[in-house]
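Nothing in this text is a laboratory measurement; each read-out follows from the coordinates by a stated rule. None of these values were measured; they are calculated from a predicted model. With ideal geometry, Cβ positions are generated from the backbone for all residues, glycine too; neighbour counts draw on all protein chains shown.
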Ligand SMILES: *Cc1c(COP(=O)(O)O)cnc(C)c1O
């Protein structure tokens with residue numbers, strides 16, 4: 001039996017009745033964009049994150065863009081983040097007219113290396129986007145210290161970290177503003193696109209609410225130009241059902257990860273380092289023979305992924321970026337060559353984990 005990287009069907013089968021009822025409720029209400037489902041979900045998600053407020057958005061990318069705008073990021077500013085991430089992070093910075101400034105990552109957690117931030121700060125720097133990659137929070141204390149000292153905003157990209165914790169605080173509630181994606185494959189995934197901003201700052205909430213809906217104050221009065229970045233009610237209703245299961249699913253992901261760690265312990269692969277409460281959006285190992293290993297697993301019916309094979313500073317899209325080109329971020333570049341995401345989803349059985357690890361064992365025995 002083939003083992004996929006993620007299995008969204010297995011999850012739907014487990015909650016079909018609840019989901020179908022929620023969808024019917026929205027269809028019968030005919031309130032499809034914003035409205036009570038979205039408001040309820042915002043309140044429930046804010047409570048889940050431990051923040052006072054939440055603002056639903058059309059995607060994780062629009063959440064990041066609105067968060068930057070709410071923090072006052074403007075053309076001419078610089079925003080520090082990593083090259084080792086999904087392009088949405090840098091896109092959102094560019095959408096404001098600011099310049100993304102990349103720094104290298106820590107080789108054990110794959111998240112921003114706090115020691116690399118200070119040398120990248122200039123008088124134009126106005127914010128840092130901390131990307132909680134793979135489901136684990138960035139080491140936030142040194143970043144909070146730097147932000148205080150240099151008067152920078154901290155935006156958390158928690159698109160892969162719904163429910164992750166850092167020193168008892170939930171992802172999204174640690175910096176000035178947190179951004180989430182509900183893309184279907186995320187730990188909390190919609191059946192389409194969706195996103196969310198969470199914060200304790202009512203001023204940032206008003207800016208985000210205004211801009212996500214065409215700068216509208218009332219139906220026909222626009223205080224400013226904005227965007228169509230609204231969350232739709234079907235997604236909100238689906239996400240409300242799924243939010244009730246999220247803590248259980250994250251626990252299942254954590255047990256799968258810990259089982260992988262056990263079974264891979266004696267093999268020449270680097271298993272994930274858990275520094276704080278990790279929710280394993282992805283279970284990522286490192287191997288010097290990554291491409292051969294991936295091919296061997298594929299031949300044995302096991303799907304894998306690479307997150308991410310091309311860092312942003314090496315993407316054609318950033319060919320004109322001042323930091324473009326090989327050699328500038330050695331840890332990022334090495335990880336991009338060596339990381340491999342193994343199948344990870346809450347419904348993955350112990351038998352499947354054993355099958356995957358035995359295949360990896362056989363690969364190393366034969367190579
Ligand atoms: C998924 C993701 C995003 C973008 O979210 P969308 O909802 O697809 O726009 C941003 N950052 C990271 C780290 C992501 O994984």
log10 of Debye I(q)/I(0), alpha-carbon scatterers only, for the range 230-367 at 0.11, 0.15, 0.20 Å⁻¹: -0.53, -0.87, -1.14
Normalised contact order of the range 8-240, rounded percent, pairs of Cα under 8 Å and 6 or more residues apart: 26 percent
Directionally averaged shadow of the range 1-123, computed from the convex hull of its alpha-carbon atoms, nm²: 11.9 nm²
Rg to Rh, two decimals, where the range 150-198 supplies the alpha carbon set and Rh follows Kirkwood: 1.03
Relative contact order computed over the range 299-367 (Cα-Cα under 8 Å; 6+ residues apart), in percent: 38 percent
Per-residue [θ]222 nm for the chain (sum of -39500 (n - 2.57) over DSSP H runs n ≥ 4, rounded to 500): -13000 deg cm²/dmol
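By per-residue mean of other Cβ atoms within 10 Å, what is the highest-first order of 351-357, 124-130?
Working: 351-357: 17.0, 124-130: 23.1.
The peptides rank, most packed first, as 124-130, 351-357.
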Coarse-grained scattering of the chain at q = 0.09, 0.14 Å⁻¹, given as base-10 log I(q)/I(0) from a Debye sum over alpha-carbon atoms: -0.51, -1.19
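With r as the distance between the Cβ atoms of residue 223 and residue 8 and R0 = 45 Å, compute the FRET efficiency 1/(1 + (r/R0)^6) and round to 0.05. Provide the component values of the computation, followed by the final result.
Numbers: r = 40 Å, r/R0 = 0.88.
FRET efficiency, residue 8 to residue 223: 0.70.
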Share of Cα-Cα pairs in the range 208-286 lying beyond 15 Å, as whole percent: 70 percent
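Suppose we keep just the DSSP beta bridges with both residues in the range 8-240; what percent of those would be antiparallel, to 5?
Numbers: 16 of 32 bridges.
So the antiparallel bridges in the range 8-240 amount to around 50 percent.
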Length-normalised contact order of the range 244-366 in % [C-alpha pairs under 8 Å, at least 6 apart]: 35 percent
Förster radius 22 Å - calculated FRET efficiency between residue 1 and residue 27, Cβ distance, rounded to 0.05: 0.05
